[in-house]
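Please read the structure below before turning to the comments.
The values are calculated or read from the model by the stated rules, or taken from the named source; none is laboratory data. These numbers come from a predicted model, not from an experiment. Cβ: placed from backbone, ideal geometry, glycine included. Neighbour counts: every protein chain shown. Quick note on the areas: whole protein, heavy atoms, side chains included, nothing else; ligands and nucleic acids left out. Shrake-Rupley method; radii C 1.70, N 1.55, O 1.52, S 1.80 Å.
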Amino acid sequence: MKGAAGLAALAPLPAWPRIVATVSEVAFDPAIPALGNPKGDVTIAEFVDYQCPVCKLVFVELKKLLAEDHGVRLVMKDWPIFGDVSRDAARMALSAGDHYPAAVDALMTNERGLSAHRTDDILGVAGVDVASARAALADRQPAIDALLSRNDAQATAFRLRGTPALVIGGRLFKRGMPVAELREAVARARAG
């Protein structure tokens, strides 16, 4: 969709159930590191699974946007809907510490299926100390699982049927979009 037709797909966020209080809880969860500009004037939150092929395509488009617009803050809302392997990948990315951006990029650009062993290999090539990340995960798993539960509750509140889904400047898109539509949504968010 382009132009006005693309913007017609913009819809305000649905009413929040009591478990999700504000848009800030979706876009500014302190447990999720921000990609792009952490102090950006527009936040994009993407509900994502590291095994979702469409999520991977959208991530390529988001990277293009981040490269050209340094005012965008990107938050990856891990929603591991494809099972235990996806959950492990999300946990490991969140345990990667300072290597979180590289971990996300490596997992999202991986073109092969995942397993726990494959996830470790991908992260190792990306510079993550896998043994340290696994040890950190053992200590942080309750907090990480609480984060994943929050993401799941938010996705359920949005009535999402799958990944990807985007929240841009407080508006929900239940689909991915190419960079041109991402630019339009960001411009609309800036315009208020």
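Remarks
- DSSP-loop trypsin sites (Lys or Arg not before Pro) across the range 41-132, with at most 10 other Cβ within 10 angstrom: R112
- Protein accessible area in the chain, 1.4 Å probe - carbon and sulfur %: 57
- Counting only the Cα atoms, the range 56-98 fills a convex hull of 84 Å³ per residue.
- Accessible area of S149 (1.4 Å probe, protein heavy atoms only, ligands and nucleic acids ignored): about 70 Å².
- Across q = 0.22 Å⁻¹, the range 37-141 modelled as identical point scatterers on its alpha-carbon atoms has Debye log10 I(q)/I(0) values of -1.20, in the order of the q list.
- Spin-label model, S24/K39: points 7 Å from Cα along the beta carbon direction are separated by 1.9 nm.
- Remark: relative contact order (the range 41-125) = 33 percent; criterion is Cα-Cα distance under 8 angstrom and separation of 6 or more residues.
- 5 Å binning of all Cα-Cα separations within the chain, expressed as whole percents from 0 upward: 1, 8, 17, 21, 21, 16, 9, 4, 1, 0
- Relative contact order of the range 101-192, defined on C-alpha pairs under 8 angstrom at six or more residues apart (%): 15
- Estimated [θ] at 222 nm from DSSP helical runs (n ≥ 4, -39500 (n - 2.57)) normalised by residues in the chain, nearest 500: -16000 deg cm²/dmol
- Two-site label geometry, A191 and L57: point separation in nm, points 7 Å out along Cα→Cβ: 2.7
- Dipole of the chain [Lys/Arg +1, Asp/Glu -1 at C-beta], most positive-end residue of A90, W79, A126: W79
- Per DSSP, loop GluC sites (Glu not before Pro) in the range 101-192 with at most 10 further Cβ within 10 Å: E111
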